[in-house]
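Each value in this text was obtained by applying a stated rule to the coordinates, not by laboratory testing. For clarity, every value in this text was computed on a predicted model and none was experimentally measured.
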Amino acid sequence: MRSEPCTVTIAHADIRITWTIRPVLFLPLAHRQDAELPACAHSFNHHRAD
């Protein structure tokens, strides 16, 4: 895996657009089997997509 950023530039007339892609490191989520949720988690209302 490459660890350096990569850029792509598109130029047309007076307009130049540059995208920069940087690699990220995803850390595993913490296991919360024995952890308590904060009080605000119980007031969260999940909205279903129609």
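Which whole-number percentage describes the relative contact order of the chain, with Cα contacts under 8 Å and a sequence gap of 6 or more?
Computed value for the chain: 26 percent relative contact order.
If you plug each phi of region 3-15 into the Karplus form 6.51 cos²θ - 1.76 cosθ + 1.60 with θ = phi - 60°, what whole-Hz ³J(HN,Hα) values come out, in order, with x for Gly and Pro?
My calculation for region 3-15 gives 10, 9, x, 10, 10, 10, 10, 10, 10, 8, 6, 9, 10 Hz in order.
Computed from the coordinates I sent, semi-axes √(5λ) of the Cα gyration tensor in Å equals one of (i) 58, 7, 5; (ii) 42, 21, 9; (iii) 21, 11, 10. Tell me the label.
Computed from these coordinates, semi-axes √(5λ) of the Cα gyration tensor in Å corresponds to label (ii).
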